[in-house]
Amino acid sequence: MFSRRHPYLFFILTFSTIVTFAAIGVTVLFLLSVKDSDFEFGEKVGVIEIDGIITEAKTTIHNLKRFREDESIKAIVVRINSPGGAVGPAQEIYREIRKTSDTKKVVASMGTIAASGGYYIAAGTDGIVANPGTITGSIGVIMGFTNYEELLRKIGLLPIVIKSGEYKDIGSPVREMKEKEQKILHDFAKKIHKQFIMDIVEGRKMKQAEVESLADGRIFTGEESKMLGLVDRLGNYEDAIEWAGRMGGIKGKISTVYAKDKKYPFLKYLSGSLVKAVIDQFGHANFFADYLYQPE
C-alpha cells in the first residue's frame, strides 16, 4: 500500500489535507458568525460611531468619504453618544455630512446623549432618530477660565508675561480678567453661538426665530425634541438602520458595515491619553470655546 511504501509522504499529504480542511472550516464558521460586516455582499448601510468628547474630525471625515465613494453602501447612519466637544471638529464633521447627503442619505442615531456638539453633527443629517430619554439639545457655547493668581502668590511664584498686544494673554490664569476682556470673549462666544444656530436652521430647515428660542443651552429629552422639531423620529439604533436603508433604496434585508477604528501603538495611545487628561484637567478651558454639555 501507498502508506506503507511512502510513510513520510503519506503523513505530509494527510497532515496537509487536515490543515486545509480545518482552515476552510474555520473560515466558513468565521464568515457565518460575523454579523453585519464587510464580508456580507449586496447593498449595505454604513455605520460611523462617534463616542465621547469630540476632539478631532479626521477619522470621521475619512469614514464619511470612504462610505460615500463605496457603491455598495446605499446610506449611512452616524451613531452618536457624545456630550459635544470642540467647535472646529464639530463644524468640520457637520460640513462633511452635508456634502455626503448630496449623494447618499445620512441618518443620525442618538444613544444615551447627543448634546451640544453632538446635536450639531446630527443637525446636518437627513433625519434624526432618538430614544425618548436621550439627552440632547444644549445648543450653546461654553468657555471656562480658572484663575491661579492667589495660589501662585501663596507659594511664592511671580509670573512674568511679555506680550506684543494688549489682549495677547486674554484669559490668562495668572491674573484677574478685565471687564473689557470679558466683553470681548462674550462677543466671541455669541458669534460662535450664532454659527451653531444658523447651521441648525440650514440642516433642519427650521425658522431662525424658532431655533433661537431653543438655543439657550438647556437640555431636552428625545421625546421633547421631537415635539420641538429637533428630532424626526423616536426609536432605537435598529430603527435608524431600517429608516436609512429604506431611504437608500434597499428593498430586502439590510446589512450593515461598520467603519473601523484606527489602531495605534500602545505607547502612542497611552501618551496621547495622558496628554489629553492633563489638558482637560488643567488647561483645556483656557484655550478653547466648546459646543459641550458640561454640567459639572
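The values are calculated or read from the model by the stated rules, or taken from the named source; none is laboratory data. The shown structure was predicted, so the numbers you read here are calculated from the model rather than taken from an experiment. Quick reminder, even Gly has a Cβ in these numbers, built from the backbone with ideal geometry, and neighbours come from all protein chains shown.
From the list 146, 134, the lone residue that is within 27 Å of residue 105 (Cα to Cα) and of a type in the set (S, T, N, Q) is 134.
Taken together, the residues in the range 128-164 that are among the polar types (S, T, N, Q), part of a loop (DSSP other than H, G, I, E, B) and modelled with pLDDT of 90 or more amount to 4. The set of residues in the range 225-239 being under 23 Å from the mean Cα position of the chain (by Cα), surrounded by fewer than 17 Cβ atoms within 10 Å (Cβ to Cβ) and assigned to a helix (DSSP H, G or I) consists of 237, 238, 239.
Would you please name the residue that is farthest from residue 223 (Cα to Cα), looking only at residues in the range 65-92 that are without any contact (Cβ under 8 Å) to a residue 40 or more places away in the chain and in contact with a helix residue (DSSP H, G or I) (Cβ under 6 Å, 6 or more places away or on another chain)? The residue in question is 68.
Considering only residues in the range 39-81 that are in contact with a Pro (Cβ under 6 Å, 6 or more places away or on another chain) and hydrophobic (A, V, I, L, M, F, W, C), the one that is surrounded by the fewest Cβ atoms within 10 Å (Cβ to Cβ) turns out to be 57. Taking each residue of the range 93-105 that is within 11 Å of residue 124 (Cβ to Cβ) and looking for partners that are of a type in the set (A, V, I, L, M, F, W, C) and in a strand (DSSP E or B) with beta-carbon atoms closer than 8 Å, six or more apart or interchain, yields 93/50; 93/54; 97/78; 97/106; 100/76; 100/106.
As a summary of the residue check, residue 217 satisfies the conditions (1) assigned to a helix (DSSP H, G or I); (2) surrounded by fewer than 17 Cβ atoms within 10 Å (Cβ to Cβ); (3) within 22 Å of the chain's Cα centre (by Cα) except for the one numbered (1). For the range 109-139, filtering for residues that are touching a helix residue (DSSP H, G or I) at 6+ places or on another chain (Cβ under 6 Å) and either under 30 Å from residue 174 (Cβ atoms) or surrounded by fewer than 19 Cβ atoms within 10 Å (Cβ to Cβ) (or both) leaves 2.
When you look at residue 125, is it of a type in the set (Ser, Thr, Tyr) and assigned to a strand (DSSP E or B), yes or no? Here the answer is no, as residue 125 does not meet what is asked. Set side by side, the residues 253, 180 differ, and just one is assigned to a helix (DSSP H, G or I), farther than 19 Å from residue 141 by Cα and over 26 Å from the mean Cα position of the chain (by Cα), which is 180. Based on what the data block shows, is residue 106 surrounded by 11 or more Cβ atoms within 10 Å (Cβ to Cβ), β-branched (Val, Ile, Thr), within 30 Å of residue 246 (Cβ to Cβ) and at pLDDT 95 or above? Spelling it out, residue 106 is indeed surrounded by 11 or more Cβ atoms within 10 Å (Cβ to Cβ), β-branched (Val, Ile, Thr), within 30 Å of residue 246 (Cβ to Cβ) and at pLDDT 95 or above.
Looking across 80, 61, 76, one residue alone is among the hydrophobic types (A, V, I, L, M, F, W, C) and either in a helix (DSSP H, G or I) or modelled with pLDDT under 95 (or both). It is 61.
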